[in-house]
Structure formats: structure tokens, C-alpha cells
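The block underneath contains the structure these notes are about, expressed in C-alpha cells.
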Amino acid sequence: MGGAVVDTGDNGVKAPDGGWGWAVLFGCFIITGFSYAFPKAVSVFFKELIREFGVGYSDTAWISSILLAMLYGSGPICSILVNRFGCRPVMMVGGLFASLGMVMASFATNIIHIYLGTGVITGLGLALNFQPSLIMLNRYFSEKRPLANGLAAAGSPVALCCLSPLGQVLQYEYGWRGGFLILGGILLNCCACGALMRPLKAPKKTSEVDEKKESKPKPKLLDFTVFKDRGFLIYTVAAAIMVLGLFVPPVFVVSYAKELGNEDTKSALLLTILGFIDIFARPTCGIIAGLKWVRPRCVYLFSFAMIFNGTTDIIGSMAKDYPSLVVFCIFFGVSYGMVGALQFEVLMAIVGTEKFSSAIGLVLLVEAIAVLVGPPGAGRLLDATNNYMFVFLLAGCEVVLSALVLAICNMLFIKRKPQQPDPPAKMEMAITETEMEELNKAPKDNQDNGGGENGKKQAIEHEVMTKSDDKKVEEPESIGVDSIEVENASKKVTEPNCVVVEPESSL
């Protein structure tokens, strides 16, 4: 389960690990930032929405929950669209949907309109960007994939550091309606990022081996055979449990700070602190996950990251003042960054490029159910107890439980695979096997055409090689027979009078 997969990319194209891949990585960086930071950044407007529509914490929590549920739940739809139309057109259409949803929500007259605009339409648009960007990143990077995943995942905290203070400023200057309208305009940048997703082109076919690859059947629009993989099943169950509590603290930490009597701007600064720490945690974790000793065991590093995150939530539940919340956000930023950098790298390592587009869609669909339950359930618990301690305790226990499920089930039910050669060695072996296959075809074809003549030639070559092996005495350099001379001598010579001269007579 933990072994790294070296992919050849779409249509048999080897991942370039650079080149235009860096432009794809930049686009994925922006898309990841919008996808994960938006549900948290929108929470800045919750207090204003509560006063505007007269609703409770649990009602406003449904906004982030529906947005995340659409981001995850529409995974299978994204998989089908990507396999049918490709990543680039799907992402550009998704950018239009994401912008349209926020613009529509700015004209809302009740909380239901916010659910439909920000939650459903914007969530669907972000989903049509998020999943295809990860698929393209997986196709462009193989050996550098852990680092690429870490850098792309860093888009989330960078966007959070920008969007959270921006949302606060927009709320003061233009109100929540003007803020939603401006954020909708910013989301049009998703279309530009989608334009960067240039598909990889297969090289011109130069051999029969390539023609055989070309004749492979087209991939299914949604491949359910991934459920036959035990590693995939364990990962899916653990990820679903993790999502129940993973997104709860970022959604409620600003309201928690305001409840303790802090100013709105000072409270929103907590998300900026969290995001700033997260920026450095994700690429660093990506570098660590790419180390030769760590990469085959990245599933256990992922489990450690979840335990770290859950423990931080449990300890942070005892915070009683602003400095305590700052310390909590620092440690939560580190652990959250580790989880963000590793969650899709582990999935890529399990299923590989060929099945990743279907696997991520199915995983996100299962996680969507947990997302619909997590933040709203925490909000309802807060309404019932009026104590943030229980909200953070519950979230921490859920994340720790998911880590234990992943690590223990991996140890008990997944057999350790034998150590495989390094990616360069694999490629060298693949090339050697291909060349040998081509070389072996030539004698067979010649045997069909030449018959007895080739038989004599092979016998002569064998006799010459046997004699040279039997002597085992180094001959003087002056009378040594070069391998090229032996090869030339073994060939039959045709004289101008069409008489075939045997090699022995030539010698």
C-alpha cells in the first residue's frame, strides 16, 4: 500500500517532471487555494449573516458544509467529465460556475439563497477545478510528485492568508453583499488556471510495441475496480472519518476568539497565523515524503500527521484566552499542513495514474457524506452546550480515530511488497526488455525467410564462441580475433559469379 508508483502518464507518456509541468503546478496552486480557503474565508461573514437573517451558528455552518460537500460529492461527476472531455475545458466551465454562484448569493434575501448560490453552485464550480488540477499534476510529475503535491497544497494557506483579511476588509467597506460580489469576480481566475492545463501528447509511434500500446481499450468513464484494492478501501474509510473533524477548528476558531471578547479584526488574524504556518509546513512535508527511505512508508507518515492534528485539537479545546488560541493555531497549522500535503500523495501512491481520476472521484464522494455531518454537527453541539471546548474535543477524537484505523489496518491487512528497484532502474529494465523483444523478433523473421542458411550461420557463430571459451588462454594481440571480424567472418560472401563462399573458406 505504501509503495511509490512510477507512472508513465496519460497515453503511455512518461511524466516530464518539469518543463510545462511547473506552469501546471502554478495553476494547481491557485485552484487548491481557492478550493480549500474559500469555505474558511466565508466564515468571516458568519456573524453578519446571523444578524441579517436571524439564524444560529449551525445554520451558518451549513454554508461551509454544503460548499465542501459539493467540492467532494461531485467527484464522480468530475471523473466522468474529465475522462470524456479532458481537464482543460472542464476547469474553464467550472471557473464560470464558481464566479456565478457568489454573484447570485450577493442578492440573497434569506439563508436558503446563500446555500444555493455559495454552497451548491460555487461548490460545484470549485469541484470542476480542483479534481482535474490534481489529475494533471499527477500526470506531469512522477519522481518529484511528493514535492509537487506539497507545493500545490501550499496554495490553501497562501489563499487563506489573503482571503481572510480581504473578506474582513470587504465586509467593513462594502458589507457582506459587496464582499460576495467582489469574491465572485476574483474566482474568474479559475478560468485562466484551467487554460494552463495543456494535455500531454504521446510521441510518434516508431515501433510495433508502441502500436500495441495504442490498441489498448479506452479507459472507463468511472472505474469501480479500485474497490477491489484493500489499500484503497482502508484509505477511503480512514479519510471519511478524518473529514468529520478535520475542517471543524478552522471554521469555528474565529467565532471562538470573538466569544472570548476579542475584536473582529484580531479574531480574523488567527486564520492568517494558521495559514502562514501552513505555507511552510506543506512544502517541507512534501520534501520529507519524497526521501528514498520515507516515500515507501508515506502512509505511516500520513497517520502520524493525523494523530498530531487530532491531539492539537484536544489540547486546544482548553484554550481560555487569545495567546492560547495563537499557540493552538501555530501547532494546528503545522499538523494541518502535513495532512494536506500527504492526503492525495498517499492516494496516488496506492492507485497510480491510470485509475487516479476515478479513485479520487469516488473517495471525494464518500468524504462528502462526512463533510455534510461534521461542521453542522459541531455547530448543533455548540448551540446545545454553548461551549467551544466540546466542539474541539469531538473534532480531535475523530481525527485521531481515523489515524488509528489507517495505520492498524495497513499493518494487519496489507502484505508488505518486496522492495522494488528505483524508478531509473525500472525504466532501464523496461527499455532493455523492449530492445530484447525487438532483437528477438529479427532472428525469427529471418529464420522464416532463410531457413537452412541462417541455421548454418548460427552454428558457425556458436562454434567460434565455444572455441574462444575453451581456450581460456590469452592469445597474443597480433593474432587476436576481434568480435567485429568474427561477425564479418561468420557471414556468407556472395561472389560476382553468384557463387556462395562458406565462412571457413574465407578464413
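Details
- For the cross-link pairs Lys40/Lys266; Lys14/Lys144; Lys40/Lys355, the ones whose C-alpha atoms lie over 19 Å apart are Lys40/Lys355.
- Modelled label reach - Asn387, point 7 Å along Cα→Cβ, the range 311-329 residues with backbone N closer than 20 Å: 311-322, 324-325
- Signed unit charges on C-beta, dipole axis of the range 39-101, positive-most listed residue Leu81, Val42, Leu100: Leu81
- Förster-model FRET efficiency, 51 Å R0, Thr225 and Glu173, C-beta, rounded to 0.05: 0.45
- The shape of the range 146-203 comes out oblate: with a ≥ b ≥ c from the C-alpha gyration tensor, a/c is at least 1.5 while a/b does not beat b/c.
- Inter-probe distance in nm under a simple model that places probes 7 Å from Cα toward Cβ, at Asp321 and Leu260: 0.9
- Percent RCO, i.e. relative contact order, over the range 16-199, from Cα pairs under 8 Å lying at least 6 residues apart: 42
- Under the simplified labelling scheme, the Val55-Leu96 pair shows an inter-label distance of 2.8 nm, with each label point 7 Å from Cα along Cα→Cβ.
- Centre separation in Å (Cα based) which lies between the range 161-196 and the range 67-98: 21
Each reported figure results from applying straightforward, stated rules to the coordinates on display, with no laboratory input. Please read these numbers as outputs of a predicted model, since none were measured by experiment. Neighbour counts run over all protein chains shown; Cβ positions are idealised from the backbone, glycine included.
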